[in-house]
Amino acid sequence: RIFAPFEDQKAASDLGLRIGGGTLLVGPPGTGKTLIAMSIAKHIQAKFIDISPSIILGFPGEAERRLENIFSALEKEPRAILFFDEAEWILSKRGEQPSSVMQRITPLLLAQLSRLYKERTRPIIVIAATNKPQKIDPAFLRPGRFDKIFYVGLPDAKARGQIIKLQLRNRRHQLKEEQIDEIAKKLEGYTGADIEHIIDEAAFIAFEGRISNNEVSIREEYIDNTIRKISPSVTLEEVEEIKRWFK
């Protein structure tokens, strides 16, 4: 649904489908929402443009100019992904905006997005990611704006196993397939970022206990010891709150 029209733009245009548009990724922190956006950009060979909170820094009027410059630059890109990470900072409800700058930026952003989305054949995807969707102004979720919403949840056992293998790639270790599967079961409730941190810590334990270069490797017990010390970064209550909003 997000990038399929890019793969056959003529057919999409003939059918009146919008090429591009707005997508909101919601889910706990550390579940790979940014990686999804970057992967989409790579898949469709589009320029990846990240809009961060730093846009609102500076003297009065600078934030507005930066935002206008970003949208002007989009005119020159044949394909682009415009990405808002932690999107609640810029898509927040108007009564909860923390500064006068944000009160000026929000209507400007709405106007720019509306103008962009009216050009249905422009190959530009706007992706926003958040772990606090309840803070987003409903105006941004209306049809024609961020009207495609996807939940990015915690990894299941199979995905956790794949993340472990990915993190062990290019590292010396002594783990067999069945050991990785057992570790994956123990990591229920952990995010992808948590698992990366655990493997890093286990690697450092191996480094600290090195005898010779030939014997340096990550072992199952190093990972188990690390799991006992590191709790999941996201609570079950936080996950359930996001799920309730999504449903």
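Within region 118-136, the only residue that satisfies the criterion of being farther than 18 Å from residue 3 by Cα, touching a Ser or Thr at 6+ places or on another chain (Cβ under 8 Å) and either at pLDDT below 85 or open to solvent by less than 20 Å² (accessible area, probe 1.4 Å) (or both) is 136.
Rundown of residues vs (1) under 30 Å from residue 150 (Cβ atoms); (2) of a type in the set (A, V, I, L, M); (3) in contact with a helix residue (DSSP H, G or I) (Cβ under 7 Å, 6 or more places away or on another chain), yes/no style:
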residue	(1), (2), (3)
195	yes, yes, yes
202	no, yes, yes
206	no, yes, yes
223	no, yes, yes
240	yes, no, no
244	yes, no, no
247	yes, no, no
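Pairing each residue of region 76-98 that is open to solvent by less than 70 Å² (accessible area, probe 1.4 Å) and in a strand (DSSP E or B) with any residue that is aromatic (Phe, Trp, Tyr) and modelled with pLDDT of 85 or more, provided the two are 6+ apart or on different chains, yields C-beta distances under 6 Å for 81/48.
Looking at this structure, is residue 52 within 22 Å of residue 111 (Cβ to Cβ), small (Gly, Ala, Ser) and touching a residue at least 24 places away in the same chain (Cβ under 8 Å)? Steps first, please.
Working: within 22 Å of residue 111 (Cβ to Cβ): yes; small (Gly, Ala, Ser): yes; touching a residue at least 24 places away in the same chain (Cβ under 8 Å): yes.
Yes: the conditions hold for residue 52.
Restricting attention to region 1-19, the residues that are farther than 16 Å from residue 36 by Cβ and either of a type in the set (A, V, I, L, M, F, W, C) or surrounded by fewer than 19 Cβ atoms within 10 Å (Cβ to Cβ) (or both) total 13. Taken over region 224-247, the criterion of being surrounded by 14 or more Cβ atoms within 10 Å (Cβ to Cβ), part of a loop (DSSP other than H, G, I, E, B) and of a type in the set (S, T, N, Q) is satisfied by 233 alone. Selection of region 174-192 for residues being part of a helix (DSSP H, G or I) and either among the aromatic types (Phe, Trp, Tyr) or over 11 Å from residue 160 (Cα atoms) (or both) yields 177, 178, 179. Quick check on region 20-33. Is at least one of its residues under 30 Å from residue 232 (Cα atoms), open to solvent by less than 60 Å² (accessible area, probe 1.4 Å) and basic (Lys, Arg)? The answer is yes; a qualifying residue exists.
Per-residue answers, yes or no, for (1) assigned to a helix (DSSP H, G or I); (2) hydrophobic (A, V, I, L, M, F, W, C):
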| site | (1), (2) |
| --- | --- |
| 122 | no, no |
| 127 | no, yes |
| 140 | yes, yes |
| 144 | no, no |
| 149 | no, yes |
| 154 | no, yes |
| 159 | yes, yes |
| 164 | yes, yes |
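Scan region 106-117 residue by residue and report those that are more than 13 Å from residue 82 (Cα to Cα), under 23 Å from the mean Cα position of the chain (by Cα) and either crowded, with 19+ Cβ neighbours inside 10 Å or in contact (Cβ under 8 Å) with a residue 40 or more places away in the chain (or both). Within region 106-117, 106 is the sole residue that qualifies.
Determine which member of the set 162, 179, 103 is at pLDDT 90 or above, out of contact with any Pro (no Cβ under 9 Å at 6 or more places or on another chain) and open to solvent by 30 Å² or more (accessible area, probe 1.4 Å). Give the derivation first.
Values: 162 fails: out of contact with any Pro (no Cβ under 9 Å at 6 or more places or on another chain); 103 fails: at pLDDT 90 or above.
Sole residue among the options that is at pLDDT 90 or above, out of contact with any Pro (no Cβ under 9 Å at 6 or more places or on another chain) and open to solvent by 30 Å² or more (accessible area, probe 1.4 Å): 179.
If the condition is being out of contact with any helix residue (DSSP H, G or I) (no Cβ under 8 Å at 6 or more places or on another chain) and of a type in the set (Ser, Thr, Tyr), then region 116-160 contributes only 117.
Considering 73, 129, the condition of being among the small types (Gly, Ala, Ser), without any contact (Cβ under 8 Å) to a residue 40 or more places away in the chain and in contact with a strand residue (DSSP E or B) (Cβ under 9 Å, 6 or more places away or on another chain) is satisfied by 73 alone.
The values are calculated or read from the model by the stated rules, or taken from the named source; none is laboratory data. For clarity, every value in this text was computed on a predicted model and none was experimentally measured. Using ideal geometry, Cβ is built from the backbone for each residue, glycine included, and neighbour counts are taken over all protein chains shown. Note: accessible area is taken over every heavy atom of the protein model, side chains too, but ligands, DNA and RNA are not part of it. Shrake-Rupley method; radii C 1.70, N 1.55, O 1.52, S 1.80 Å.
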